[in-house]
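Engineer: Below you'll find the structure I mean.
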Amino acid sequence: MHHEIIISGFGGQGVLFAGQLLAYAALEEKKHVTWIPSYGPEMRGGTAHCTVIVSDEEIGSPLVQHPTAALALNPPSHAKYAPLMKAGGVLILDATLIEQRSDRADIQEIALPAKQFADELGVPQIANVVMLGALIAATKVVALETMTRTLQEHVSVKHRDKLEANQMALRRGAEFVNARAAALA
Amino acid sequence: MSVGNPKSWMPVKTLTLKGNLSMDANSAARKLELWKGNEAIAEAAVRAGLEAYFGYPITPQTELLEYLSTRLPTLKKRDGGNRVFLQAESELAAINMVYGAAVAGARTMTSSSSPGFSLMQEGLSYIAASQAPCVLVDVMRGGPGLGNLAPTQADYFQLTKGGGHGDYHPIVLAPATVQEAVDLTYNAFDLAEKYRAIVIIAIDGNIGQMMEPVAMPPMRAIEKRDRGWELTGARNRPRRINTSLFLQPHELEHMNRVLSEQDAAVRANETRCVEQFTDDAELIVVAFGSAARIAQTAVKQARARGLRVGLFRPVSLYPFPEDRLTELATRARQFLVVEMNAGQMVQDVRLAVDRAAGAARYPGYAGGALNWSWTPRPTVQFFGTMGGLTPMPDEILERIEKYMPVLPLSETMIERAALDIAYTN
């Protein structure tokens, strides 16, 4: 298995952290993994993205031209990565914030109201975790249980009270994708 | 201090590893954690017994300094010992603080990125003359000038050819993974002290900013050492003098001879490279650092298409693994050098390949086209990106296919080449 994943959104939406969570979970499953952020003179409100590669084999290039999966958390990210997706790839977008859709028939596009789910859980900042749950359900890049454990280890002490909300966010994202797949089947 | 035979200028030993990006096979047995490159290098230095760090912030290196700003004071509080972190007022101040700590015998380092590294060159030249062992990290960014923050490899000349004035060469190591950055940094202090030399870890933002699983080496205790040259106060012993000023030409000549002998020993013993698929390769891609791991992806794709392509990755940029490259140049017919600059290491590759001329002669192809005339040696092609663009695997693969000899040598071609020779002579 070899997944090349891009997570992209506004600075402050937790796209880099979501990528790190995925990397930690992949490491726990003893996969090869690289995480590399966009870096530069960036600030809150600007765009940010990270690339996570998870593989059974040693990873050469940590950079990706054509991702096999992408999470788009804002409209510019969707506009940028929809055309770059590898054929057969999975593009998950936050439908609460993104209106446009790709016209590509060769990719699987999942419109998930992640921000809305996060709001319903009372923690608007965890839309990134909802998206992560959907990514895991759609790609099986790691097991959902592994990510649940990873959350336990890596949600900071300051945000301990939000751990349960995070775990529910993860499940809601995954359930949305599973329900969608069941409906399509 | 042991130095090699001053007459033996040619390297005699090259450490060649096959088949793996990472150098330290033992690390597989240790516990893996996820580390960011810059912070991993800082922690490896701490575990190697780093006593004094001096630095000044600059992107994309800042995490290294930031990490040590809390790590070293915490360690001092816990274990006592000689652990100093100091953010200097400038890069000039930082390198001269390193100079002072190094002549006092402390394990010391600094880190910077290209423009800041340029500011340190005067200090480095003085440190070289004083034979003060120290470790530097250059997280290369776009240049010349202030350039930008994106990853490049454009400091190759400055790093490997000296950088400051006078005759000296730092030892330059270029890791391609976070694990390798840790392993090389962990050993860098021993290497610096063995040769009383400057050791530079050369990476770019790709490696510095990237997170990868790492097995950290064990913590080493700080040793008290007196090797006969440290300036530690002359109580109860004759005084020692360390200077870079030798007004008498014969004295400076002697000092330069000592440096040359050390350099010869470094060249003889400390050459490192990693190879993949070079045994039967018709075309060999040569690249270092982050460009090499991207090239590796392209090389694997080329292999999957049935092309006989290999990868040669110098780990020590200085001393450059020229002997091994010369050896490969007697077998491979094309070299493709990939760098994130306008073409710097390619000069060292050309020198090494040119040395193979005469050792092997065969008909071949030049510039990707069938060439019926006699080709005395493999051609060296170059592909570079500048300004902070990282080459992508597809771009490298495209060049591999362009330069790849596509037809096997036939009897006719060899006869024809022999005729060409007879005709030319």
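The values are calculated or read from the model by the stated rules, or taken from the named source; none is laboratory data. Note that the structure is a prediction, hence the values are computed from the model and not measured. Positions of Cβ are generated from backbone atoms using ideal geometry, with glycine treated the same way; all protein chains shown enter the neighbour counts.
Engineer: State all residues of region A:5-46 that are in a loop (DSSP other than H, G, I, E, B) and under 21 Å from B:V178 (Cβ atoms); if no residue qualifies, say none.
Structural biologist: Our first condition is that a residue be in a loop (DSSP other than H, G, I, E, B); within region A:5-46, this holds for A:11-14, A:29-31, A:38-46.
Across region A:5-46, the qualifying residues are A:E29, A:K30, A:K31, A:S38, A:Y39, A:G40.
Engineer: If you don't mind, another one. Taking region B:268-326, which residues are of a type in the set (S, T, N, Q), touching a Gly at 6+ places or on another chain (Cβ under 7 Å) and within 14 Å of chain A (Cβ to nearest Cβ)?
Structural biologist: B:Q276, B:Q296, B:T297
Engineer: So A:P76 passes all but one of these: (1) at positive phi; (2) assigned to a helix (DSSP H, G or I). Which condition number does it fail?
Structural biologist: (1)
Engineer: Any idea which residue in region B:185-208 is farthest from the other protein chains (Cβ to nearest Cβ), counting only those that are buried (at least 24 other Cβ atoms within 10 Å of the Cβ) and over 16 Å from B:Y318 (Cβ atoms)?
Structural biologist: Restricting to residues being buried (at least 24 other Cβ atoms within 10 Å of the Cβ) and over 16 Å from B:Y318 (Cβ atoms), the top hit is B:T185.
Engineer: Might you check whether a residue that is over 25 Å from B:P151 (Cβ atoms) and at pLDDT 95 or above occurs anywhere in region A:54-63?
Structural biologist: Applying the first criterion (over 25 Å from B:P151 (Cβ atoms)) to region A:54-63 yields A:56.
Next, only the ones that are at pLDDT 95 or above stay: A:56.
Yes - at least one qualifying residue is present in region A:54-63.
Engineer: So B:P213 ticks every box in (1) of a type outside the set (D, E); (2) over 27 Å from the mean Cα position of the chain (by Cα); (3) part of a strand (DSSP E or B) but one. Which box is left unticked?
Structural biologist: All conditions pass for B:P213, except number (2).
Engineer: Determine if region B:113-127 includes at least one residue that is in the same structural domain as B:E251 (by TED's automatic domain parsing), closer than 19 Å to B:H165 by Cβ, outside any helix (DSSP H, G or I) and not aromatic (F, W, Y).
Structural biologist: The answer is yes, given that some residue of region B:113-127 is in the same structural domain as B:E251 (by TED's automatic domain parsing), closer than 19 Å to B:H165 by Cβ, outside any helix (DSSP H, G or I) and not aromatic (F, W, Y).
Engineer: Filter region A:70-86 down to the residues that are under 19 Å from A:A137 (Cα atoms) and surrounded by fewer than 24 Cβ atoms within 10 Å (Cβ to Cβ), then identify the one that is farthest from the other protein chains (Cβ to nearest Cβ).
Structural biologist: Top of the filtered list is A:M85.
Engineer: Looking at B:A132, B:A154, which is the one that is away from chain A (no Cβ under 14 Å) and more than 14 Å from the chain's Cα centre (by Cα)?
Structural biologist: The unique qualifying residue is B:A132.
Residue-by-condition table, conditions (1) surrounded by fewer than 21 Cβ atoms within 10 Å (Cβ to Cβ); (2) assigned to a helix (DSSP H, G or I):
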{"residue": "B:S244", "(1), (2)": "yes, no"}
{"residue": "B:E251", "(1), (2)": "yes, yes"}
{"residue": "B:V266", "(1), (2)": "no, yes"}
{"residue": "B:A281", "(1), (2)": "no, no"}
{"residue": "B:V285", "(1), (2)": "no, no"}
{"residue": "B:A298", "(1), (2)": "no, yes"}
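Engineer: Would you point out the residue of region A:8-29, among those that are in contact (Cβ under 8 Å) with a residue 24 or more places away in the chain and either within 9 Å of chain B (Cβ to nearest Cβ) or closer than 15 Å to B:M210 by Cβ (or both), that is surrounded by the fewest Cβ atoms within 10 Å (Cβ to Cβ)?
Structural biologist: The first filter runs over region A:8-29 and keeps only residues in contact (Cβ under 8 Å) with a residue 24 or more places away in the chain, leaving A:8-26, A:28-29.
Those left that are additionally either within 9 Å of chain B (Cβ to nearest Cβ) or closer than 15 Å to B:M210 by Cβ (or both): A:16, A:19-20, A:22-24, A:26.
Details: A:L16: 19, A:G19: 26, A:Q20: 21, A:L22: 26, A:A23: 26, A:Y24: 23, A:A26: 27.
Going through the qualifying residues, I end up with A:L16.
Engineer: What's the total number of residues in region B:170-210 that are in a helix (DSSP H, G or I) and either among the β-branched types (V, I, T) or outside the structural domain of B:Y156 (by TED's automatic domain parsing) (or both)?
Structural biologist: Number satisfying all stated conditions: 4.
Engineer: Does A:G45 satisfy the criteria of being more than 13 Å from chain B (Cβ to nearest Cβ) and either surrounded by 24 or more Cβ atoms within 10 Å (Cβ to Cβ) or farther than 21 Å from A:V142 by Cβ (or both)? Talk me through it step by step, then tell me what you get.
Structural biologist: On the way: more than 13 Å from chain B (Cβ to nearest Cβ): yes; either surrounded by 24 or more Cβ atoms within 10 Å (Cβ to Cβ) or farther than 21 Å from A:V142 by Cβ (or both): yes.
Criteria met by A:G45.
Engineer: Mind checking whether some residue in region B:76-86 is touching a strand residue (DSSP E or B) at 6+ places or on another chain (Cβ under 9 Å), over 25 Å from B:K194 (Cα atoms) and modelled with pLDDT of 95 or more?
Structural biologist: yes
Engineer: Looking at (1) under 21 Å from B:A150 (Cα atoms); (2) in a helix (DSSP H, G or I), which one does B:R324 not meet, given that it meets all the others?
Structural biologist: (1)
Engineer: Right, another one. Would you say B:P60 is within 14 Å of another protein chain (Cβ to nearest Cβ) and either touching a residue at least 40 places away in the same chain (Cβ under 8 Å) or at positive phi (or both)?
Structural biologist: So B:P60 fits the description; yes.
Engineer: Same structure, new question: Of the numbered conditions (1) surrounded by 17 or more Cβ atoms within 10 Å (Cβ to Cβ); (2) touching a Ser or Thr at 6+ places or on another chain (Cβ under 8 Å); (3) not aliphatic (A, V, I, L, M), A:H32 satisfies every one except a single condition; which is it?
Structural biologist: Evaluating A:H32 over (1) surrounded by 17 or more Cβ atoms within 10 Å (Cβ to Cβ); (2) touching a Ser or Thr at 6+ places or on another chain (Cβ under 8 Å); (3) not aliphatic (A, V, I, L, M) leaves (1) as the failure.
Quick grid of which residues meet (1) outside any helix (DSSP H, G or I); (2) under 20 Å from A:P76 (Cβ atoms); (3) among the charged types (D, E, K, R); (4) without any contact (Cβ under 8 Å) to a residue 24 or more places away in the chain:
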site	(1), (2), (3), (4)
A:K115	no, yes, yes, yes
A:D119	no, no, yes, yes
A:A137	no, no, no, no
A:T150	no, no, no, no
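Engineer: Further, regarding this structure: For the condition farther than 21 Å from B:P321 by Cα, of a type in the set (A, V, I, L, M, F, W, C) and within 14 Å of chain A (Cβ to nearest Cβ), what is the one hit in B:L124, B:L146?
Structural biologist: B:L146
Engineer: Please tell me if A:D94 is more than 13 Å from every other protein chain (Cβ to nearest Cβ), closer than 22 Å to A:F176 by Cβ, buried (at least 23 other Cβ atoms within 10 Å of the Cβ) and of a type in the set (D, E).
Structural biologist: Considered against the rule, which asks whether it is more than 13 Å from every other protein chain (Cβ to nearest Cβ), closer than 22 Å to A:F176 by Cβ, buried (at least 23 other Cβ atoms within 10 Å of the Cβ) and of a type in the set (D, E), A:D94 comes out as yes.
Engineer: Looking only at region B:73-91, count every residue that is outside any loop (DSSP other than H, G, I, E, B) and surrounded by fewer than 22 Cβ atoms within 10 Å (Cβ to Cβ) and tell me the total.
Structural biologist: Total satisfying the criteria: 11.
Engineer: With (1) part of a helix (DSSP H, G or I); (2) within 22 Å of A:P67 (Cβ to Cβ); (3) not hydrophobic (A, V, I, L, M, F, W, C) as the list, and A:D161 as the residue in question, which single condition is left unmet?
Structural biologist: Here A:D161 meets the rest and fails (2).
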